[in-house]
Every structure is written in structure tokens, then in C-alpha cells.
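Here's the structure, in C-alpha cells; my notes come after.
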């Protein structure tokens with residue numbers, strides 16, 4: 001079954017039907033229509049899978065995807081046309097271009113936490129570049145996966161764009177097939193499995209992984225704004241966001257004040273009882289709930305800590321007095337639990353971050369610009385937002401991706417199209433002139449002249 005699906009998709013690519021810009025544009029427009037015409041159904045599916053309200057469903061999945069895809073449609077010709085570059089003197093007369101060329105048949109494997117945008121945005125990039133696509137949504141977000149499984153064949157080209165539903169077995173079978181590029185978003189454990197499978201065919205990969213994204217708060221920071229922006233980014237989607245602040249390193253002189261500002265923001269966002277708020281999501285699965293529940297034993301609970309296993313509810317929580325050796329600091333949290341650790345200096349915070357694997361995102365809050373510059377220059381991460389959180393990955397003009405254990409490759413905007421096309425170097429030379437200097441035999445005079453050109 002899987003082999004037949006991939007063979008059908010490859011046959012469609014080899015027919016040449018995915019190359020014309022008209023086909024690409026038609027498919028991208030169909031993606032947008034699918035989201036717009038079924039927005040209510042998608043919102044209901046997200047509510048079932050993640051307990052999300054309709055506003056967050058639109059902001060972070062449906063509308064986010066529409067905006068990104070519409071930008072691709074607007075710039076399709078520009079982003080896929082040959083790019084002229086300089087030609088060295090030794091090759092004159094001539095011209096040089098980087099000519100975009102689709103890679104072939106692309107596999108996109110998406111996670112459950114933002115199951116629409118993390119599937120359709122890379123799929124759209126692959127389509128815009130002229131590829132055929134096999135997409136695999138996550139079985140954890142089962143309602144959204146089922147809806148996509150119903151709608152994708154209805155709106156998109158069934159031969160060149162295929163959706164495969166299922167779990168580990170189906171993913172394993174897909175990874176055994178030959179693809180021309182694999183785009184995976186998820187955790188590092190599965191990322192390694194994907195990379196090993198890709199190595200069998202020397203298939204290039206883009207891995208959007210995660211990690212423990214730190215937030216550094218300097219003593220010069222505007223604490224009211226820092227608390228509000230940290231709380232928003234941490235607790236949206238109940239913390240199940242790959243670029244959510246994973247932990248906070250706050251200067252010890254302001255750590256307690258920062259916790260109080262976070263407390264105020266939680267109340268402003270979700271009221272006295274976040275469980276009753278339609279804006280606060282739920283944990284995705286019982287297994288994920290149990291993993292997070294065990295982390296609450298780390299340190300001391302300063303805010304929240306309430307749980308309900310049946311409802312898959314964990315309240316917005318802040319932990320203090322946390323040690324680096326505690327369980328909550330050993331893996332990406334991916335939930336509404338925020339450890340706040342006090343540090344004595346920015347240098348201590350930088351050393352703490354650098355002693356750990358490179359994170360997907362890093363955030364720093366300081367009114368002292370020298371502190372901001374020092375943190376940015378002295379740490380390595382996929383991306384950074386200064387005096388804010390998450391926003392570096394929300395715009396289409398900054399590529400989004402990881403580094404080291406947080407991933408490889410990038411996408412969004414033009415980068416999201418370039419990921420799926422080979423920029424083939426093409427040099428065109430004239431036959432009107434054929435200087436003998438380049439050919440043997442190399443006399444002393446020839447060599448002296450050539451040295452000036454090379």
C-alpha cells in the first residue's frame with residue numbers, strides 16, 4: 001500500500017505535471033481554500049485534540065498557515081526564477097545564474113502540537129518549488145489528521161500530492177521508501193530515526209526538532225513586560241510549543257519580582273481558575289500528562305500545580321528552587337510548567353546555557369543593550385527574540401530552524417521554498433571569443449597572465 005502510494009506520486013512527478021507555475025499556483029490556492037472553507041471544522045478538530053479555543057485555532061494554525069501560503073502565491077514567480085550572480089573575469093564573456101530546480105518527491109512528517117501549520121506550511125513550500133509530496137500527519141492529533149485525510153484528496157491533486165494517515169507502522173514503511181527530501185518536525189529521538197533511514201539512500205533532510213529553550217532576564221529588564229511576554233509564550237497551547245520558554249534564568253535580585261509578574265499575567269490571561277478559561281488548552285494525551293505530572297516534584301511550586309488526569313489538565317505552573325539536576329531540567333518540558341532559576345550574573349546565565357545542547361530558541365530581556373548584545377553574541381541557538389518571545393519565528397522574512405541537537409535546515413517564507421529546490425549553478429559562455437591562454441602548453445608568459453586572473 002505505502003509503496004504503491006509513493007510509486008504513484010513519483011510517477012506524477014516524472015510526468016512533469018508539477019513543474020509549471022500554473023499548476024503550483026493552483027495547488028497553493030486550493031490549500032488556502034481548503035482552510036478557509038473548512039475553518040470551523042478545523043477549529044472543532046483542534047478543540048477535540050488539544051482543547052484549544054477557536055481564537056487560538058485560527059491564530060496559531062489556520063490563519064497562520066493561510067498567511068504564509070498566500071505570501072508564497074504572491075512571490076511564486078520571483079522565488080522560483082533564475083537568480084543572476086556575478087561572473088568571474090576568467091569566464092567572460094559569459095553569464096552566471098543559480099537556477100531553481102525541484103528536488104523530486106518530498107516526504108513531510110508533521111507533529112501533533114500545531115497539526116495544521118506544521119504540516120501544510122512545509123507542504124506548501126514543497127509544492128511552490130515544483131515537487132510532488134507525500135504528507136504524514138500525526139496520529140496523536142487524530143481528529144485533525146482524520147479531517148486532513150478527508151479534505152486533502154478533495155482539494156489537491158490526488159496523483160502528485162498524497163496524504164498517508166497512520167502511526168508508527170506507516171511512518172516506518174514511509175521511511176523505507178526512496179524520497180528526494182524528508183522534512184520532519186518533532187522530537188530528537190525520532191529525528192535520529194529519520195536521519196538514519198535517510199542515510200540509506202543519501203536523502204537530504206530538514207529536521208525541525210526542539211530542546212530546552214532558555215529565557216534570560218537581566219536585572220535591567222522591564223519586569224512587567226517580561227512577565228507578560230514569558231507567560232503568554234509559555235502557556236499558549238498549554239506549553240506544547242517547540243519554541244516555548246522552557247526555563248527562566250533570572251538575576252537573583254529580581255527573580256521573585258519576575259515570578260509575581262508572571263502570576264499577574266496568568267490571572268489576566270486565564271482568570272482565577274484557568275481550567276474554566278476557553279483560552280487555556282489541554283495536554284495532548286494521557287502518556288504526555290503522566291510525564292508532565294512527574295515533573296511537578298521538582299523544586300517548589302510557586303504558582304499553579306493543579307492537575308486533573310481525566311481532563312488532561314495541568315494548570316499554568318511556575319517552579320522555584322529548582323536544581324539543574326532535577327527531572328524538570330533533564331528534557332524538554334513541552335507543557336505548562338516553567339522553572340525559574342536564580343543566577344548571580346549574566347555570565348552565569350550564559351555559562352548555564354552553553355553547558356547544554358544548543359536550543360531551538362533563546363530569549364533575553366534587558367533594557368541594557370550591552371547585555372542583549374552579549375547574550376546574542378555569546379550563545380548559540382536556532383533563533384533569538386530580544387525583549388520578547390516566539391516572534392522571531394512568526395514572520396516569513398526570517399528563516400526558522402534549529403542548530404545542533406535542535407535541528408538542521410530552515411523554512412518560512414522564501415527559505416521555505418528554497419529548502420525544497422536545488423539552486424543549480426549554470427554558467428553560459430560565449431563562442432565568439434576563445435582565448436588560447438587557458439589551454440596548454442603553458443608558457444611562462446601565459447602562466448604570468450593567468451595568475452592575474454585566478
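Structure summary
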| item | result |
| --- | --- |
| Only listed residue being touching a residue at least 24 places away in the same chain (Cβ under 8 Å) and either surrounded by fewer than 19 Cβ atoms within 10 Å (Cβ to Cβ) or within 25 Å of residue 278 (Cβ to Cβ) (or both), chosen from 85, 32, 90, 106 | 90 |
| Per-region count, region 236-262, residues buried (at least 24 other Cβ atoms within 10 Å of the Cβ), out of contact with any helix residue (DSSP H, G or I) (no Cβ under 7 Å at 6 or more places or on another chain) and part of a helix (DSSP H, G or I) | 2 |
| Hits in region 318-340 (condition: without any contact (Cβ under 8 Å) to a residue 40 or more places away in the chain and over 23 Å from residue 265 (Cα atoms)) | 323, 324, 325, 326, 327, 330 |
| Subset of region 273-320 [more than 28 Å from the chain's Cα centre (by Cα) and part of a strand (DSSP E or B)] | 300, 301, 302, 303, 307, 308, 320 |
| Flag for residue 274 being within 24 Å of residue 357 (Cβ to Cβ) and in contact (Cβ under 8 Å) with a residue 12 or more places away in the chain | no |
| Meets criteria (within 24 Å of the chain's Cα centre (by Cα) and more than 14 Å from residue 126 (Cβ to Cβ)) for residue 107 | no |
| Boolean, residue 57 is closer than 25 Å to residue 390 by Cα, at pLDDT 95 or above and buried (at least 19 other Cβ atoms within 10 Å of the Cβ) | yes |
| Condition check for residue 119: at negative phi, assigned to a helix (DSSP H, G or I) and either crowded, with 21+ Cβ neighbours inside 10 Å or touching a helix residue (DSSP H, G or I) at 6+ places or on another chain (Cβ under 8 Å) (or both) | yes |
| Set 96, 138, 142, 91: member being at pLDDT 95 or above and closer than 30 Å to residue 436 by Cα | 96 |
| Residue satisfying condition, being assigned by TED's automatic domain parsing to the domain that holds residue 187, farther than 21 Å from residue 424 by Cα, touching a residue at least 24 places away in the same chain (Cβ under 8 Å) and touching a strand residue (DSSP E or B) at 6+ places or on another chain (Cβ under 9 Å), within set 119, 147 | 119 |
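Residues checked against (1) in contact with a strand residue (DSSP E or B) (Cβ under 8 Å, 6 or more places away or on another chain); (2) touching a residue at least 40 places away in the same chain (Cβ under 8 Å); (3) assigned by TED's automatic domain parsing to the domain that holds residue 368:
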{"site": "199", "(1), (2), (3)": "no, no, no"}
{"site": "202", "(1), (2), (3)": "no, no, no"}
{"site": "239", "(1), (2), (3)": "yes, yes, yes"}
{"site": "244", "(1), (2), (3)": "no, yes, yes"}
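The values are calculated or read from the model by the stated rules, or taken from the named source; none is laboratory data. Keep in mind the model is a prediction, meaning the values are calculated, not measured. Note: ideal-geometry Cβ built from the backbone for every residue, glycine included; neighbour counts use all protein chains shown.
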